[in-house]
1. Filter segment 79-134 down to the residues that are in contact (Cβ under 8 Å) with a residue 60 or more places away in the chain, of a type outside the set (A, V, I, L, M) and farther than 29 Å from Arg195 by Cα, then identify the one that is surrounded by the most Cβ atoms within 10 Å (Cβ to Cβ).
2. Within the bounds of segment 79-95, is there any residue that is closer than 26 Å to Leu128 by Cα and at pLDDT 95 or above?
3. Does at least one position in segment 166-184 carry a residue that is within 21 Å of Ala73 (Cβ to Cβ), under 26 Å from the mean Cα position of the chain (by Cα) and assigned to a strand (DSSP E or B)?
4. The conditions are (1) buried (at least 19 other Cβ atoms within 10 Å of the Cβ); (2) touching a helix residue (DSSP H, G or I) at 6+ places or on another chain (Cβ under 8 Å); (3) at pLDDT 95 or above; (4) under 30 Å from Pro90 (Cβ atoms), and Leu226 fails exactly one of them. Which is it?
5. Taking segment 82-97 on its own, how many of its residues are within 19 Å of His190 (Cβ to Cβ) and touching a Lys or Arg at 6+ places or on another chain (Cβ under 7 Å)?
6. Does any residue in segment 205-224 that is within 12 Å of Trp154 (Cα to Cα) come within less than 8 Å, Cβ to Cβ, of a residue that is of a type in the set (Lys, Arg) and at pLDDT below 95 six or more places away or on a different chain, and which pairs are these?
7. Pick from Leu153, Leu191: which is at pLDDT 95 or above, touching a Pro at 6+ places or on another chain (Cβ under 8 Å) and surrounded by 13 or more Cβ atoms within 10 Å (Cβ to Cβ)?
Amino acid sequence: MEQIDAQHVGEPGFAVPGRRPRRLVAGGWWREPRRVRLVERQPTTHSSGWPRWCTKSFVNEQIQAATVRVFIALAPPDDAKEELAQALRPAYDAYPSMRWNRIEDWHITLAFLGELPTSAVSLLRPPLAEFAARRRPLDLALCGGGHFDERVLWSGLSGDLEELRLLAGEVRALVKEHGVPFMDRPLNPHLTLARARRGDASSVVQAAAGLSTFTGRTWQAERLHLVGSNFGRGPGPIHYRDIEAWSFGSAR
């Protein structure tokens, strides 16, 4: 430890180690001003506005929690789906590497709305409920098969197709009336079954050919479904869940 000579304490120019030196001036003692080094302050938030302690994955999770990927659809009844699943058994066995949709997720999309804030989804629920109550059920059947660009396998539909197109048009108009924008693509009635792996173009084509003679029984589409999906939320399979579903009004 450094020694201090006590007899010089208080003399002009004397400085205790670790303190700024001082000297006597008119009016009292004067101490040399502290030297301050200016340091640029780091921003406390990301450019996105989130605090800097938030990791990128945390921010993404919070953004995703505030939005949901949404579409409006019809769903075949279980026995109609099982009938089609039986016709697909040979394809399941022959092409196990294809990305097959779960049977419980099979649906017929009327309007794909994309990624929406949860507040916008809540806004749509009351008018969709009122709309469904004014509509009648549709008679439809699953039949045949085909593919989009040798990548997506689907089953077709027969029955009240004109009524189906009218229903889809009215649903889309309702969504727009309530201020929810989305990409309005032409309706091509189908039920998506599977997708090919990258580099595999033949499996989908051959599976579609195997469905060419399939004709399912007629069934009634009795409910309108508002559906959310986990698409883009991680590496796992795509799953769908009903946000809400409403029964159509008077039966025929």
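The values are calculated or read from the model by the stated rules, or taken from the named source; none is laboratory data. Keep in mind it's a predicted model, so treat the numbers as computed, not measured. All Cβ positions, glycine included, derive from the backbone under ideal geometry; neighbour counts span all protein chains shown.
1. Phe131
2. yes
3. no
4. Going through (1) buried (at least 19 other Cβ atoms within 10 Å of the Cβ); (2) touching a helix residue (DSSP H, G or I) at 6+ places or on another chain (Cβ under 8 Å); (3) at pLDDT 95 or above; (4) under 30 Å from Pro90 (Cβ atoms) one by one, Leu226 breaks only (4).
5. 1
6. Here the result reads none, with nothing in segment 205-224 linked to a residue that is of a type in the set (Lys, Arg) and at pLDDT below 95.
7. Result of the check over Leu153, Leu191: Leu191.
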